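Structure first, then comments.
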Amino acid sequence: MTKQYALGIFDDEDVLLHAVENVRAAGVKIYDVFSPYPVHGIDDALGIERSRLPIAAFFFGLTGLSFALWMQIYMLGVDWPMIIGGKPHISLPAFVPVAFELTVFFTCHGMALTFFTITGLYPRFKVPVMDVRATDDKFVMAIELDETGSQFSRLTQLLRDNGASEVNQKEMTNN
């Protein structure tokens, strides 16, 4: 499936932030903004909601903690009980280091897998790049066009009025 995009290229992040606000105020839906480094305030300007990934992190951590405690209680209290240093079989203070490590382990790996799954960042032969300069020194605002691309001239004028140094049309294919 092929989609067309209007790409507004900006030289300065402040100009980009104001342009995002003005373009959204004009009723245009912005597909995404690409920049060589994180831009403070761009999420708010684009109207992106707060991520729910911390909720997933909490549940991954809870799973890791539960697994660690279950594993240690089962191994040291049920499967192979041993008296070590006169401590009881199920001694929770002794379980803290392993429980902490497995909580962190499950959270980190679960979050990495969740992030890559949600964003679609996975290995592929051809990586889609809107404009190569977005990885170097330019800021790129991508706006999805309709099938005919008829609104490109209107978007070109709107982006130039808001400080775009150039406006290009790009066709992308979904893999």
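Table: residues versus (1) more than 24 Å from residue 129 (Cα to Cα); (2) modelled with pLDDT of 95 or more; (3) among the aromatic types (Phe, Trp, Tyr).
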residue: 50; (1), (2), (3): yes, no, no
residue: 70; (1), (2), (3): yes, yes, yes
residue: 87; (1), (2), (3): yes, no, no
residue: 108; (1), (2), (3): yes, yes, no
(Q) For the structure I just gave you, tell me whether residue 128 is modelled with pLDDT under 85 and either open to solvent by less than 50 Å² (accessible area, probe 1.4 Å) or touching a strand residue (DSSP E or B) at 6+ places or on another chain (Cβ under 8 Å) (or both). (A) yes
**Q.** Tally, over the stretch 52-64, of residues that are open to solvent by 70 Å² or more (accessible area, probe 1.4 Å), hydrophobic (A, V, I, L, M, F, W, C) and more than 15 Å from the chain's Cα centre (by Cα)
**A.** 3
Q | Exclusive hit being open to solvent by 90 Å² or more (accessible area, probe 1.4 Å), assigned to a helix (DSSP H, G or I), of a type in the set (D, E, K, R) and out of contact with any His (no Cβ under 8 Å at 6 or more places or on another chain), set 49, 101 | A | 101
Q. Looking at the stretch 132-145, which of its residues are touching a residue at least 24 places away in the same chain (Cβ under 8 Å) and over 11 Å from residue 35 (Cβ atoms)?
A. 142, 143, 144, 145
Q: For residue 172, indicate whether it is assigned to a loop (DSSP other than H, G, I, E, B), touching a residue at least 60 places away in the same chain (Cβ under 8 Å) and in contact with a Phe, Trp or Tyr (Cβ under 7 Å, 6 or more places away or on another chain).
A: no
Q.
Condition (residue is loosely packed, with under 12 Cβ neighbours inside 10 Å, touching a Leu at 6+ places or on another chain (Cβ under 9 Å) and free of Cβ contacts under 8 Å to residues at least 24 places away in the same chain) applied to the stretch 71-84: is it met by at least one residue?
A. yes
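The values are calculated or read from the model by the stated rules, or taken from the named source; none is laboratory data. From a predicted model like this one, the values you see are computed outputs, not experimental measurements. As a convention, Cβ positions derive from the backbone with ideal geometry for all residues, glycine included, and neighbour counts pool all protein chains shown. Please note that ligands, DNA and RNA were not included when accessible areas were found on the heavy atoms of the full protein model with its side chains. Shrake-Rupley method; radii C 1.70, N 1.55, O 1.52, S 1.80 Å.
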